[in-house]
Amino acid sequence: GSLIEQLTTEKYECMVCCEVVRIVAPVWSCQNCYHVFHLNCIKKWARSPASQAEDGNSGWRCPACQNASMQIPKTYTCFCGKVHNPEWNRNEIPHSCGELCGKKRQCLDCPHLCNILCHPGPCPSCPAFVTKSCECGQTSHSVRCGQSTKIRCSNVCGNTLNCGKHSCTQVCHAGKCSPCQLTVQQVCYCGSNFKEALCGSKEEFSDGFGSFSCQNICGKKLNCGRHNCKQVCHPQPCQLCPRLPQVVYRCPCGQTPLSKLLELGCVERKICTDPIPSCGKTCGKPLSCGSYEFIHTCESLCHEGDCRPCSHTSNIYCRCGFKKKVNFLVIFFLLFLIAAITFMCDKRCNKKRSCGRHKCNEVCCVDTEHKCSLVCGRKLNCGLHRCEEPCHRGSCQTCWQTSFDELTCYCGESVIYPPVPCGTQPPECKKTCTRPHDCDHPVYHSCHSEEKCPPCTYLTQKWCMGKHEVSSVQLMFRFRLLNVGDCSPCVSCCLSFQSCVMESSLCCHKLNLMFFFFRIAAISIATKLTDLQLGDSVEISRLITKKEMKQARLQCDEECLALQRNRRLAEALEIDDNSDPFNIRSSGPKYSDILKEDARKDLKFVSDIEKEMRMLVEAVNKGKHTKKSHCYPPMNRDHRRIIHELAQVYGIESVSYDNEPKRNVVITAVKGKSMCPSNTLTSVLDKEMQSRPPPPIPHYKQTDKSSGNIGLSKPLKEEPVIDYFDVQD
């Protein structure tokens, strides 16, 4: 009833996915615990390694009751199993066919089938009444069909016990009667041993009726009256004497009949003690040291009794076949087998096991598969648990551990609801960090899962060492300022960070001291200044000495002077710097003279490189991905230098990999950062070639003008141009 109500109101949850089971969703019901699951969920669960039984051969386990099943569900059927893909009817139970159940009830004694409509859960008890006998069968009663209670009367059982001689004295009871508890004296078949035993007990070597085998030699006199029985204590009569004349028909080796020997003059035997005539041939009986491959025979003449020990030697190989040894006088075949099995060489197997990580190292190994018996033990993708499977090749499976607790950020605003796979990181939270901080300044960073908070970025007021001026510094820099050794009159120079970046980008190839740039860049990146994020400037005059500032100043050239004139003119006309009225930023790219000179030597190579870079930049700016990369084939150092310089013009990242001679370059275009220049290097070189004046006509000097003799002097010889960079590595 509870199952029907929850399925009808869609309040029943699947234990695999923890989702509600809809009335139109295909389901599967366990026949042992009657839990209902989504059909697709139970299929995935049955194929997963976590569902397999411990022995590995009993199928998969139910998620609820752990009952093992061999077959994986494939079709959607009603609860009674008669209808496939049952349609939902508002007036019927969900996932049922609406017909009679007809399943056999769980009770083994009930012959009636379930007579209610198709339903989830177990079938109710049978309502019919039947007549049952008591345990001893002497009385009868009318009871409910399928009732598990046993009927017992007050009479004595009286059934015959296992001995077949005595009756049961217990009151009407369930099950078989207990064995007879009377003690009797038993004697062995040969009559030499006695023992006390329970009446009717069937012990080893006992027939259960008062006699047993003592496992000793019988020793009774045979019918000849001269020899004793050599068989183990036995219940049947002893056999005839094996040496009676009417029993022996051949010589001891069995090759010649006695009738033929009698014709040759041998004496006829009268009694069993008379010797058996010998034929005089080689015995030839197979010895006990032989096997199926080779047989050793007795080399003595025909004789009575046991044969002599074998005089041959045999080679015994170790089980892997690497070594062999000679075995002398192997008398018994059993000893030969034991020696062959126990003989092992000391060679260790050097083959890899099935995991590919460990060696076999087995002594005298005969294994062909070399399965690894060690546990894998490598960390899973969660980083918390280790693989418990046998050592294997390839990657380990995903961690199957799952938490059913909510995973929250530190402040609890962001939540990941269960089930949470093992190794899941806490959710990102955009709220302000609520952890306790060392200072009482405002917090600007978001909630985070790391234990330590980033450094405080709040600006505080601090006097210089000479107490001349007060400057705004970050709390993390206060210790650095306290360690300044001397205090010269303070320098109140404040540089605008934006202007510094602009001038540095225009004149960076002329910087003779890179220390200034690296110092400012490291400070700005490491501290994540809040003011820089808001677009304000930062006071840096207190971070460097006066001498460093003087050395770090850039020497202005014509380009810098033009920039200053444009800036002063923009201030006079009240024009915003971002408007770029003089087309400074949008002007064509500036290619170095060295790059142009290298490009003229191999225009086709430069054209192909620029074509590839333009395609890469256009693809990343138009596509969904933020980055795209391209790998060039291995090339020489000059070609790699051209690619690196062109990548700077296009705003592309370039990195060289591998060693010579297979060193190559990989370029990466970033969306929003990489841009195609207005003029390519090849187009710039074409324009320079077109605008270059034609070569001058050779100048001939006129001499001896007064005499009328006009002489043409030789053209002036130009000095050779030496390329100092065209050298070998």
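The values are calculated or read from the model by the stated rules, or taken from the named source; none is laboratory data. Here the structure is a predicted model, which means the values were calculated and not measured. Methodologically, a virtual Cβ is constructed for each residue, glycine included, from the backbone with ideal geometry; neighbour enumeration extends over all protein chains shown. Heads up: the accessible areas ignore ligands, DNA and RNA and are worked out on the full protein's heavy atoms, side chains in. Shrake-Rupley method; radii C 1.70, N 1.55, O 1.52, S 1.80 Å.
Surrounded by 15 or more Cβ atoms within 10 Å (Cβ to Cβ) and among the small types (Gly, Ala, Ser): does that describe Ala68? Judged against the criteria, Ala68 is a match.
A single entry from Lys622, Lys611 fulfils the requirement of being over 20 Å from Leu685 (Cβ atoms) and without any contact (Cβ under 8 Å) to a residue 12 or more places away in the chain: Lys622.
The residues of region 147-164 that are closer than 29 Å to Ser2 by Cβ and either among the basic types (Lys, Arg) or buried (at least 16 other Cβ atoms within 10 Å of the Cβ) (or both) amount to a single one, Gln147. Answer yes or no as to whether Lys82 is touching a helix residue (DSSP H, G or I) at 6+ places or on another chain (Cβ under 9 Å) and either assigned to a helix (DSSP H, G or I) or open to solvent by 30 Å² or more (accessible area, probe 1.4 Å) (or both). Taking the combined requirement at face value, the residue does not satisfy it.
Does any residue in region 398-422 that is more than 27 Å from Gly377 (Cβ to Cβ) and of a type in the set (Val, Ile, Thr) come within less than 6 Å, Cβ to Cβ, of a residue that is assigned to a loop (DSSP other than H, G, I, E, B) and open to solvent by 50 Å² or more (accessible area, probe 1.4 Å) six or more places away or on a different chain, and which pairs are these? Once the first residue is more than 27 Å from Gly377 (Cβ to Cβ) and of a type in the set (Val, Ile, Thr) and sits in region 398-422, its partners that are assigned to a loop (DSSP other than H, G, I, E, B) and open to solvent by 50 Å² or more (accessible area, probe 1.4 Å) give Val415/Glu406. For region 178-193, state whether one or more residues are more than 30 Å from Gly219 (Cα to Cα) and touching a Ser or Thr at 6+ places or on another chain (Cβ under 9 Å). Yes, the conditions are met somewhere in region 178-193.
Report yes if some residue within region 330-350 is open to solvent by 70 Å² or more (accessible area, probe 1.4 Å), closer than 30 Å to Ser395 by Cα, hydrophobic (A, V, I, L, M, F, W, C) and at pLDDT 80 or above; otherwise report no. Scanning region 330-350 turns up no residue that is open to solvent by 70 Å² or more (accessible area, probe 1.4 Å), closer than 30 Å to Ser395 by Cα, hydrophobic (A, V, I, L, M, F, W, C) and at pLDDT 80 or above. Total residues in region 649-674 satisfying the condition of being open to solvent by 70 Å² or more (accessible area, probe 1.4 Å) and among the hydroxyl-bearing types (Ser, Thr, Tyr): the figure is 1.
So that you can scan it fast, the table gives a plain yes or no per residue for (1) modelled with pLDDT of 90 or more; (2) over 21 Å from Thr402 (Cα atoms); (3) in a strand (DSSP E or B):
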{"position": "Cys17", "(1), (2), (3)": "yes, no, no"}
{"position": "Phe37", "(1), (2), (3)": "yes, no, yes"}
{"position": "Glu54", "(1), (2), (3)": "no, no, no"}
{"position": "Gln71", "(1), (2), (3)": "no, yes, no"}
{"position": "Asn91", "(1), (2), (3)": "no, yes, no"}
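Within region 108-127, is even one residue small (Gly, Ala, Ser), closer than 22 Å to Gln31 by Cα, part of a loop (DSSP other than H, G, I, E, B) and touching a residue at least 60 places away in the same chain (Cβ under 8 Å)? Yes, the conditions are met somewhere in region 108-127. Residues in region 658-673 include none that are at pLDDT below 85 and assigned to a strand (DSSP E or B). The residue pairs whose first member lies in region 54-81 and is assigned by the TED database to the domain that holds Pro120 and among the β-branched types (Val, Ile, Thr), whose second member is assigned to a loop (DSSP other than H, G, I, E, B) and modelled with pLDDT of 85 or more, and whose beta carbons are closer than 7 Å, counting only pairs six or more residues apart or on different chains, are Thr77/Val83. Is it the case that some residue within region 137-146 is open to solvent by less than 70 Å² (accessible area, probe 1.4 Å), modelled with pLDDT of 85 or more and assigned to a loop (DSSP other than H, G, I, E, B)? Within region 137-146 (the criterion being open to solvent by less than 70 Å² (accessible area, probe 1.4 Å), modelled with pLDDT of 85 or more and assigned to a loop (DSSP other than H, G, I, E, B)), the answer is no, since none of the residues qualifies. Among the residues of region 447-462, those that are open to solvent by less than 60 Å² (accessible area, probe 1.4 Å) and part of a strand (DSSP E or B) comprise Thr460, Lys462. Only one of the numbered conditions (1) of a type in the set (S, T, N, Q); (2) open to solvent by less than 50 Å² (accessible area, probe 1.4 Å); (3) on the phi > 0 side of the Ramachandran plot is violated by Ser414, and that is (3).
Looking across Arg22, Arg47, one residue alone is open to solvent by 60 Å² or more (accessible area, probe 1.4 Å), of a type outside the set (S, T, N, Q) and modelled with pLDDT of 90 or more. It is Arg22.
Okay, residues lined up against (1) closer than 30 Å to Glu135 by Cβ; (2) at pLDDT 85 or above; (3) open to solvent by less than 60 Å² (accessible area, probe 1.4 Å); (4) of a type in the set (D, E, K, R):
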site	(1), (2), (3), (4)
Gly175	yes, no, no, no
Val184	yes, no, yes, no
Glu196	no, no, no, yes
Gly200	yes, no, yes, no
Phe205	no, no, no, no
Gly210	no, no, yes, no
Ser213	no, no, yes, no
Gly219	no, yes, yes, no
Gln239	no, yes, no, no
